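Participant: Okay, handing you the structure first.
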């Protein structure tokens, strides 16, 4: 139990059997006959106070698609930035085609043959396709721009490399995001690229567009390019990549053939929970809330690009957990229930009555509270005091003129400082001077003061110490006993299992299952749902268990 | 802990003391014709429009905005007021009330215009108010027909030039507006909401605060303050000048607010600080004229003094300069880093 309560930053991967995973690396693959095009070895990158990367390895072969896996904050972006010269590294080496290189700027990296296409297409939508491809390296003829030649070359480039036959003189904005993405790829191919990095290229594409992009990737692979593919979508990882490297908390976890690693195993490596251990976690006994009053009822609620239509019922006094990898759509779902984002379709009923949740104001007036995961940007008002931060939402419901007298404000603040053990216990202290855990408690207090019927907590225990964590979990349980419903989002499955009565599992921006939390439910069950691919899973279950036992 | 107002106050005192050096009778206040007169009263009287504009500006800046349109609103309000009484020369108070109604009307309208652009349409404050800064002066010139419009109606000049209980009447206007602003921001929740929206608009929205209405309100209030300031200005000289009335007031007002300790980054604001800041600017202007600095260099002198004020306000600067005399302690480096 203890081990699980440690913040992820301190978790060591000792439990993972290195032997069994090493065997899966590059086992007699054709790729091994070739020399790697890029080898990153022992890369360490430290920011003041934080070790972003510790001894990380990455090996790329020509003609492979290599996935970089890990949760948000695992160090994927930092590694890419080191490779592309945005950051320098402290220790380690980078070898490109056998020669040590050290790109100091993105331009240098590009000239070396390392190109990147970022998540958001950073092209100019108000320029033509040709202009976008040639901007910064225009072809000149007698001191003037040679548009004819550039148009010809752009057309040829798109046709031969990407199988894309479009009118290149049209504005970029006249094409879909997928085409724009490909044009971005084409632009990066212009300079003779050897390594192409695609950072979340599919996040804003629909299924057809993804297929289109994958065809292009396959074509480039045949041309001998090494492609680094970063994505949150597990299905896509299994569809397009050949090998993958897993990072966690800035550490290198392993390198695997995609075909050889089970989804479940992959997920367990990403979040750092050993399968063997998962089966044995003790947990709270389940309790049915079916007979309780149905507080919130969501039907086919959806927002395009954020979360697929989902149904969700929350009963009075029930704690509903949202499990899923970071980026699986948990926050997006919660924001719809709070009116922080507007749903495209579907309906939400509160106490059986259909309601619109068009703004946080409305949601608050219907008794919903939302504690955001982004404490700094969406939670605290840094320049204000503890007292002001605590009474803010309550004053918000009362409006401009029903001012809560200062004396009453201090009483409220003192009450919650005592209840939640906020340190320092001085209501006039500025909140920005508090530690993360205490800021979190102040935000909790802000919502508890409004006495909500449904409290949405998005990662309330992340990045705070064990003591504060346990206090918050205890508080949740006692609130639920008093009849408050809670929607609890957490990356720590163990925590979800311990506190929640029902668990909704999300994967790839979709609610994939709902599990009544009974005694026999284990972390493994939740993780299977998070990882998906059930059918293959069952066939291979024994194999996994065997592998872990070794 | 030393009050944030310590340095602004010191600077104000310093400027006043410099005056005393040149003019021994600077602090003297006499009763002439039944009114209090003297340099200090003068500063208060002449500074009234700036004080008003700066009070309005404080709330705008506290929401992380800025209102560049105030100078033009002053010109428009002065022109509208003068136009309303241009025909009248004698007789009842009706033209006066018409003038006041015109002034309030046009300043409210200006405030709503700015506020809607910023809060509802989402134009950046500096751009949104720049529109009125340019357009407003044009409108003022249209009203005055490009001429200086002279007023021959006695009651109109009372607002900016009259006296009440031995003090200039404008003093009471400022006091009233200041009292309203202080009441609104400290005795209702408006102050909390302004600071909250100015510090973190997204967190405020998620806390259920209607930040759009807060923004709209501060721009309307700023417009209103500027309008009244313009009326005082026009009344004081019994004329309206679409070209020059209220010229550069927006910059003086921003300066007053910043000197008073309200950050351009929004959040915490101090009305008291703003009053001191406005008084600093006004006494500086008065000083430059009274000690006879050549007009061609007085803008440079003003700039230098403002620079010194700003440097003194900076804790970093004070540490560097005065730190020579104190024991040095090693400081922790702070750097923001984002992972992922």
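Participant: When the Cα centres of region B:160-174 and region B:283-300 are compared, how far apart do they sit, in Å?
Facilitator: If we compute the Cα centre of each part, the gap is 26 Å.
Participant: Peptide B:188-199: average number of partner chain Cβ atoms within 10 Å per residue? Intermediate values should be presented prior to the final figure.
Facilitator: On the way: counts 6, 12, 4, 2, 11, 5, 0, 4, 8, 1, 2, 6.
That average works out to 5.
Participant: Which residues does a label at residue A:192 reach in region A:208-224, if reach means a backbone N under 20 Å from a point 7 Å past the Cα toward the Cβ?
Facilitator: Under 20 Å, as judged by backbone N against the label point of residue A:192, lie A:220-224 of region A:208-224.
Participant: Also, I was wondering about something else. Arrange the peptides A:176-189, B:120-133 so that the one whose residues have, on average, the most other Cβ atoms within 10 Å appears first.
Facilitator: On the way: A:176-189: 20.9, B:120-133: 16.7.
My ranking of the peptides, most packed first, is A:176-189, B:120-133.
Participant: What fraction of the DSSP beta bridges in the protein assembly as shown is antiparallel, stated in percent and rounded to the nearest 5? Numbers along the way, then the final one.
Facilitator: Values: 52 of 86 bridges.
About 60 percent, rounded to the nearest 5.
Participant: Further question on the same structure: Any idea what the relative contact order of region A:377-450 is, in percent, if you count C-alpha pairs under 8 Å spaced at least 6 apart?
Facilitator: Relative contact order, region A:377-450: 48 percent.
Participant: Within 10 Å of each residue's Cβ, count the other Cβ atoms and sort A:118, A:61, B:156 from fewest upward.
Facilitator: Details: A:118 15, A:61 21, B:156 25.
Least crowded to most crowded, the residues run A:118, A:61, B:156.
Participant: To the nearest 0.05, what FRET efficiency results for residue A:451 and residue B:188 with a Förster distance of 22 Å applied to their C-beta separation?
Facilitator: Values: r = 23 Å, r/R0 = 1.04.
Efficiency computed from Cβ-Cβ geometry: 0.45.
Participant: Simple spin-label model, 7 Å along Cα-to-Cβ: residue A:433 to residue A:86 in nm?
Facilitator: 3.6 nm
Participant: Sort A:242, A:235 by Cβ crowding within 10 Å, fewest neighbours at the top.
Facilitator: A:235, A:242
Participant: Once a ≥ b ≥ c are taken as the square roots of the eigenvalues of the Cα gyration tensor of region B:251-325, is the result rounded (a/c under 1.5), prolate (a/b larger than b/c) or oblate (a/b not larger than b/c)? List each step's numbers first, then the result.
Facilitator: Numbers: a/c = 2.44, a/b = 1.29, b/c = 1.89.
Cα axes put region B:251-325 in the oblate bin.
Participant: Turning to a different aspect of this structure: Can you give the calculated 222 nm mean residue ellipticity of chain B, where each DSSP H run of n ≥ 4 adds -39,500 (n - 2.57) and the sum is split over every residue, rounded to the nearest 500 deg cm²/dmol? Please report the intermediate quantities before stating the final value.
Facilitator: On the way: 14 runs with 223 residues, N = 340.
It lands at -21500 deg cm²/dmol.
Participant: Now for a separate question. In Å, what Rg and Dmax follow from the Cα atoms of the protein assembly as shown?
Facilitator: Taking only Cα atoms of the protein assembly as shown, I get Rg and Dmax of 33.5, 108 Å.
Participant: Gap in Å between the Cα centre of region A:451-513 and the Cα centre of region A:289-307?
Facilitator: Centre-to-centre (Cα) distance: 16 Å.
Participant: Still on this structure, please answer the following. Considering Cα pairs under 8 angstrom that are at least six residues apart, work out the relative contact order of chain B and quote it in whole percent.
Facilitator: Working: 575 pairs, mean separation 105.4, N = 340.
Relative contact order here is 31 percent.
Participant: Follow-up. Give me A:248, A:498 sorted ascending by neighbouring Cβ count inside 10 Å, so fewest comes first. Don't skip to the answer; put the middle values down first.
Facilitator: Numbers: A:248 22, A:498 18.
In order of increasing Cβ crowding within 10 Å: A:498, A:248.
Participant: Would you calculate a helix-derived [θ] at 222 nm for chain A, using -39,500 (n - 2.57) for each DSSP H run of n ≥ 4 and dividing by the full residue count, to the nearest 500? Mind showing how you got there, number by number?
Facilitator: On the way: 20 runs with 201 residues, N = 550.
That comes out to -10500 deg cm²/dmol.
Participant: Also, quick follow-up: Calculate the FRET efficiency for residue A:311 and residue A:401 from the Cβ-Cβ distance with a Förster distance of 51 Å, rounded to the nearest 0.05.
Facilitator: Working: r = 41 Å, r/R0 = 0.80.
Once rounded, the FRET efficiency stands at 0.80.
Participant: Just the number: Rg to Rh for region B:49-291, Cα atoms, Kirkwood Rh, two decimals.
Facilitator: On the way: Rg = 17.5 Å, Rh = 17.8 Å.
Here the Rg-to-Rh quotient is 0.98.
Participant: Once the piece of chain linking residue A:95 and residue A:223 is laid out straight, how much longer is it, given 0.36 nm per residue of separation minus the C-alpha distance between them?
Facilitator: That pair, residue A:95 and residue A:223, stretches by 44.0 nm at full extension.
Participant: Can you compute the FRET efficiency between residue B:124 and residue B:307 using 1/(1 + (r/R0)^6), with r the Cβ-Cβ distance and R0 = 22 Å? Round to the nearest 0.05. It would help to have the intermediate numbers written out before the result.
Facilitator: Numbers: r = 27 Å, r/R0 = 1.23.
Step by step, r from the Cβ atoms, then E = 0.20.
Participant: Ratio to report: Rg/Rh of region A:377-450, with Cα atoms as the point set and Rh obtained by the Kirkwood method; give two decimals. Mind showing how you got there, number by number?
Facilitator: Numbers: Rg = 11.1 Å, Rh = 12.0 Å.
Rg divided by Rh gives 0.93.
Participant: Ok, one more. Residue by residue through A:373-380, how many Cβ atoms from other chains fall within 10 Å of the Cβ on average?
Facilitator: What the average comes to for A:373-380 is 3.
Quick note: the coordinates plus some simple rules give every number you see, no bench work behind them. Model, not experiment: these values are computed from the prediction. Cβ sites come from the backbone with ideal geometry, for glycine too, and all protein chains shown count toward neighbours.
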